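Okay, so here's the structure we're looking at.
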Amino acid sequence: MSDGFPSALRTLETSIVSVDGVSYAAVTPDGMAVLARPEQLNAFEGSASECDGKRLLVGHRSAANLEALRSALSWLRPQPLGLRTSVGFGDRLGVATPGHIAAMRCDGVGISPIFAQQSIREMDRTRRAPREVMDDATWAVFCSGWREPFGADADHLKTEEDVRRCLRVGYTLWTIDPGDHVDSIADTATADQLKEKFEQLPWSELADTPEALLRRYRDRSFGIEHHQLVMNEISAVHAAVKYGRAVAHTHTLVSLIRSDLGSDGWELEVAIDETDQVTSHLEHIYIVLELQRLG
């Protein structure tokens, strides 16, 4: 026996672990086994039998069993990675994560992996659900015996429905893509057009007024490493017209996430990398400061 599992059971050696008197293992080709006292098996589903004074449960790699594994084994739960150097692996089909883990073990010193990462667009194209993405990553981490922190990215979320699909799954990084709300003609608009667009921004959603925004940014200097960037009234109006609605939309989605998950245990990324327009340094500053102001 290995950790109490019968030798006839085809357990995957790298997965076997015992915690608090309970032993867990992946079983080839696509199952799992848990050896424990009867009351410790309540969260798992499968067929149970007596084994050396305990109960041996053998089940499929089901969503319920993977959720139970995440509850039992803390290292299977994704974590916020903060400012650590990280790599999003983006296993699009849910079969490549074992290779990603092998690569991390070989050359991943100083890198924190994001094993579960897929955009809603990619999920739709590959016909995967957010929980499938999480479950496939969980299974690979479990089978490979990975114990280090890793993240999970609900990537390029554009709508409230996108966010709702990913809630309660365990994602720790939420990437909001407000690109559809970027004003695509701001860069070529005339002064009169910018003024009109500025006045028509959703000021109530931004909890702001045109006058207050100009007071905050007019003739304001920002030190970036060895450079000084100065925002004047024209660049402030331009940044607000170009990205004000994107900021408001991002805040709406963040509020939806926070209402469900609270304020802790997750982090935010804002992706504006799929627009036709370049985002200037001052525009980056505007976006960050406005999101900070809105909380």
Problem - Condition check for L69: buried (at least 17 other Cβ atoms within 10 Å of the Cβ), in a strand (DSSP E or B) and at pLDDT 95 or above - result: no
Completion exercise
A careful count of residues in segment 217-231 that are touching a Lys or Arg at 6+ places or on another chain (Cβ under 8 Å) and surrounded by 14 or more Cβ atoms within 10 Å (Cβ to Cβ) gives 1
Fill in the blank from the handout: Flagged in segment 82-117 as closer than 15 Å to R128 by Cα and in contact with a strand residue (DSSP E or B) (Cβ under 6 Å, 6 or more places away or on another chain), in numbering order, are G90, A116, Q117
Practice task
Report the residue count in segment 216-237 for those that are in contact with a His (Cβ under 7 Å, 6 or more places away or on another chain) and part of a helix (DSSP H, G or I).
Solution key: 0
Fill in the blank from the handout: Within segment 123-148, residues part of a loop (DSSP other than H, G, I, E, B) and touching a residue at least 40 places away in the same chain (Cβ under 8 Å) come out as G145, W146, R147, E148
Practice task
Of all residues in segment 68-122, count the ones that are under 28 Å from G46 (Cα atoms) and touching a residue at least 60 places away in the same chain (Cβ under 8 Å).
Solution key: 7
Exercise for the section: Evaluate segment 22-32: report whether one residue or more is part of a loop (DSSP other than H, G, I, E, B), of a type outside the set (K, R), within 21 Å of W146 (Cα to Cα) and touching a Ser or Thr at 6+ places or on another chain (Cβ under 7 Å). Expected result: no
Completion exercise
Only one of (1) within 24 Å of E274 (Cα to Cα); (2) without any contact (Cβ under 8 Å) to a residue 60 or more places away in the chain; (3) out of contact with any helix residue (DSSP H, G or I) (no Cβ under 9 Å at 6 or more places or on another chain) does not apply to G151, and that is (2)
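The values are calculated or read from the model by the stated rules, or taken from the named source; none is laboratory data. Owing to the predicted nature of the structure, the values given are computational and were not obtained by experimental measurement. When we count neighbours, we look across all protein chains shown, and the Cβ atoms used for this are built from the backbone with ideal geometry, even at glycine.
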